[in-house]
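Below is one structure; the comments refer to it alone.
Computed from the coordinates by the stated procedures, all read-outs in this text should not be read as laboratory data. Everything numeric in this text was worked out from a predicted model, so none of it was measured. Backbone-built Cβ (ideal geometry, glycine too); neighbour counts: all protein chains shown.
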Amino acid sequence: MKELVFATNNKHKLEEIRAIMSGKYLIRSLNDIGFYEEIVEDADTIQGNAMIKADCITKRFGMNCFADDTGLEVEALGGAPGVYSARYAGEHCSYQDNVNKMLAAMKGMQNRKAVFRTVIALNLDGKSYLFEGRCEGAIIDAPRGEAGFGYDPIFLPDGYDQTFAEMPSEQKNAISHRGRAMQQLIRFLSEEGL
Ligand code: IMP
């Protein structure tokens, strides 16, 4: 089976991506290739951060690699937290801290519109490519559901009455920002005959 490094150790993302890619590609994590350093993601866009991660591994190991970066953009917050979604409530904060801060910031607001955006940067045989997936929805006013991670319990995708954290993972993968970006990556790889 063909191999690709996915520049992450996030077990939720690895599970999601291995489920989407199953049978087509062997996905190796950073731990799998023996890379244990922290990659500093200091770009001010999500595509910039995705490229930093993919480039770090390709330069160091000469391997084909992809990396993703995601931001949650809330309209009433002027697009925040965006590229800062992971550390919205501060460095080393928990998912719960971020959810609590978001609910407090949105308290009483009528406009609940939000969009998850994922950019995947792929380095393949000396060339670089970008893919983007979006999922539009709304921030609800109290958490619902136990599955998933991050902002899933407060994100209601448009057209559905379950939050990401209430949906079976296959359903989330089919409509999510990362799922859609991954579908583009897979389509590209198959069009290239890879
Ligand atoms: P990352 O840079 O791709 O790790 O994503 C940044 C942050 O966005 C994460 O720490 C999560 O808080 C949030 N996030 C990313 N993907 C998802 C998702 O699928 N559901 C909920 N939150 C997510």
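Quick one: dipole size for the chain, taken about the Cα centre, charges +1 on Lys/Arg Cβ and -1 on Asp/Glu Cβ, in debye to the nearest 20.
Computed charge dipole of the chain: roughly 200 debye.
Go through THR118, PHE35, ALA54 and say which Cα lies farthest out towards the positive end of the charge dipole of the range 28-141; charges sit on Cβ, +1 for Lys and Arg, -1 for Asp and Glu.
It is THR118, whose Cα lies furthest towards the positive end.
Using a Gaussian network model of the chain with C-alpha springs under 10 Å, which one of ILE140, ILE46, ILE154 is most mobile by mean-square fluctuation?
Top of the fluctuation ranking is ILE140.
Only Cα pairs under 8 Å and at least 6 apart count here; give the relative contact order of the range 34-115 as a rounded whole percent.
After rounding, I find 22 percent.
Are there GluC sites (Glu not before Pro) in the range 1-102 that DSSP marks as loop and that have at most 12 other Cβ atoms within 10 Å, and which are they?
GLU37, GLU38, GLU91
May I ask you to list the trypsin sites (Lys or Arg not before Pro) in the range 71-175 that are in a DSSP loop and have at most 12 other Cβ atoms within 10 Å of their Cβ? Mind dumping the intermediate values first?
On the way: sites: ARG87, LYS101, LYS107, ARG112, LYS113, ARG117, LYS127, ARG134, ARG144, LYS172; in loops: LYS107, ARG112, ARG144.
Qualifying residues, ordered by number: LYS107.
Go through the range 112-194 and name the GluC sites (Glu not before Pro) that are in a DSSP coil and have 16 or fewer other Cβ atoms within 10 Å of their Cβ.
GLU146, GLU192
Below 8 Å between Cα atoms, with a sequence gap of 6+, how large is the relative contact order for the chain in percent?
Taking the mean separation of contacting Cα pairs over the length of the chain, I get 18 percent.
Which pairs, out of LYS53/LYS113; LYS11/LYS107; LYS53/LYS172; LYS2/LYS127, put more than 23 Å between their alpha-carbon atoms? Show your work: numbers first, answer last.
Working: LYS53/LYS113 29 Å; LYS11/LYS107 31 Å; LYS53/LYS172 25 Å; LYS2/LYS127 18 Å.
Too far apart for the 23 Å limit: LYS53/LYS113; LYS11/LYS107; LYS53/LYS172.
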